[in-house]
Amino acid sequence: MSGRVVVSGPASWNRIVHVEHLPAPVPHMQFALADHETVGGTSAGKALGLAAFGRPVTLFTLIGSDPDGERLRGILDRVDGLDLDVVDGARTERHLNLMTPLGERVSIYLSTPDDRDSPEDDRLTAAMEDAAAIVLDLSERSRRLIPDARASGRPIWIDLHDYDGTSEFHRPFLDAADAVFLNADRLGGDPLPFLRRVIDDGARLAVCTLGAEGAVALASEDGAVTEHRVDAVPVDVRDANGAGDAFMSGVLHAMLGGADVDAALEVGAQHAASVLVTRHLHPTLEPLVG
């Protein structure tokens, strides 16, 4: 088995528009504080983070042959240590993200790729067999290949993002996961009961990020369940996009290197802080996107 991580899921081309506050659901005019275009997508974020640590990583994603897709692919191809395996999705995933100074976000999907069964999925299945870990981000392709990921016997890491605790689309991901990450935006109240259910259902690690309050985790080892917390690293936030992906990639890389949960959470928090001070998904994009 190599030390390589296989990441399956979205990469996108995003326009980020910074606004003083999120628009009210009534007709009105609002001025943007700033805007720019950049690489997006949760799987691209995790792959960028892992590559920055020097961790071998392959990103399996769908990108169209349109101008935005060519630009996106050209940038990701230039990232040191990131191997890109692309299936032509006919259309590139594109987002319009409205962001506030507090990190609030509304993400509007402008286009999504054509994600259907493909003979090219076999490359992803084969890569899983020799992976140190498999990251299956929320997508149709990742969902349909969950049985292959489980058959590989490799640890499966899942990011549920703002999961509400009930969505049926997420259930196969949860059932397969060895490690589960999410934020507390839609859980409501104390996240620990949900994390405990995740552990009781078979995961070894369950982590909930809490924004400026850091993160809380439950870990199962040798039949015991332990609680762990980490503080957020204080920084002047420029853009919150990608912070959760950076946190998870830091934890994953550290634990693959033998770190315990507390040390890995610290690595994740530090890595997330490095993303908060850039306007891109990861600091490595600064010289590549402009």
Val198 versus (1) closer than 25 Å to Gly242 by Cβ; (2) modelled with pLDDT of 95 or more; (3) under 18 Å from the mean Cα position of the chain (by Cα): which is the lone unmet condition? (3)
From (1) in contact with a helix residue (DSSP H, G or I) (Cβ under 9 Å, 6 or more places away or on another chain); (2) basic (Lys, Arg); (3) in a helix (DSSP H, G or I); (4) open to solvent by 20 Å² or more (accessible area, probe 1.4 Å), pick out the condition that doesn't hold for Arg123. (1)
From the list His228, His170, exactly one residue is at negative phi, under 18 Å from the mean Cα position of the chain (by Cα) and not charged (D, E, K, R). Which is it? His170
I'd like the residue in segment 48-89 that is part of a loop (DSSP other than H, G, I, E, B), more than 22 Å from Thr125 (Cα to Cα) and out of contact with any helix residue (DSSP H, G or I) (no Cβ under 7 Å at 6 or more places or on another chain) and, out of all such residues, is least open to solvent (accessible area, probe 1.4 Å). Asp66
Among Pro101, Pro67, the single one that is farther than 26 Å from Asp148 by Cα, in contact (Cβ under 8 Å) with a residue 40 or more places away in the chain and out of contact with any strand residue (DSSP E or B) (no Cβ under 6 Å at 6 or more places or on another chain) is Pro101
Looking at segment 254-282, which of its residues are surrounded by fewer than 17 Cβ atoms within 10 Å (Cβ to Cβ), of a type outside the set (Asp, Glu) and in a helix (DSSP H, G or I)? Ala263, Gln270
Looking at this structure, is Val251 closer than 15 Å to Val216 by Cα and either part of a loop (DSSP other than H, G, I, E, B) or touching a residue at least 24 places away in the same chain (Cβ under 8 Å) (or both)? yes
Go through (1) within 21 Å of the chain's Cα centre (by Cα); (2) within 29 Å of Ala131 (Cα to Cα) one by one and return the number of the condition Gly103 breaks. (2)
What do you reckon, is Pro113 of a type outside the set (A, V, I, L, M, F, W, C) and surrounded by 13 or more Cβ atoms within 10 Å (Cβ to Cβ)? yes
Considering residues that are within 26 Å of Leu62 (Cα to Cα), surrounded by 12 or more Cβ atoms within 10 Å (Cβ to Cβ) and not hydrophobic (A, V, I, L, M, F, W, C), the number found within segment 1-42 is 15
Hey, Asp200 without any contact (Cβ under 8 Å) to a residue 24 or more places away in the chain and not β-branched (Val, Ile, Thr) or not: yes
Taking segment 190-218, which residues are farther than 14 Å from Leu265 by Cα, in contact with a Ser or Thr (Cβ under 8 Å, 6 or more places away or on another chain) and among the hydrophobic types (A, V, I, L, M, F, W, C)? Ile199, Ala203
List pairs: first in segment 221-246 and farther than 18 Å from Met99 by Cα, second of a type outside the set (Ser, Thr, Tyr) and assigned to a loop (DSSP other than H, G, I, E, B), Cβ under 6 Å, 6+ apart or cross-chain? Val230/Gly214; Asp231/Gly214; Ala232/Gly214
Take Asp245 and decide whether it is buried (at least 17 other Cβ atoms within 10 Å of the Cβ), assigned to a loop (DSSP other than H, G, I, E, B) and in contact with a His (Cβ under 9 Å, 6 or more places away or on another chain). no
Could you list, in sequence order, all residues of segment 228-241 that are open to solvent by 10 Å² or more (accessible area, probe 1.4 Å) and assigned to a loop (DSSP other than H, G, I, E, B)? Asp231, Ala232, Val233, Pro234, Val235, Asp236, Val237, Arg238, Ala240, Asn241
Filter segment 147-180 for residues that are open to solvent by 10 Å² or more (accessible area, probe 1.4 Å), not in a helix (DSSP H, G or I) and not charged (D, E, K, R) and give the result. Gly153, Pro155, Trp157, His161, Gly165, Thr166, Ser167, Phe169, His170
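The values are calculated or read from the model by the stated rules, or taken from the named source; none is laboratory data. Just so it is clear, the structure is predicted and the values come from calculations on it, not from any experiment. For neighbour counting, all protein chains shown are included, and Cβ atoms are generated from backbone atoms with ideal geometry for every residue, glycine included. Heavy atoms of the whole protein, side chains included, go into the accessibility calculation; ligands, DNA and RNA do not. Shrake-Rupley method; radii C 1.70, N 1.55, O 1.52, S 1.80 Å.
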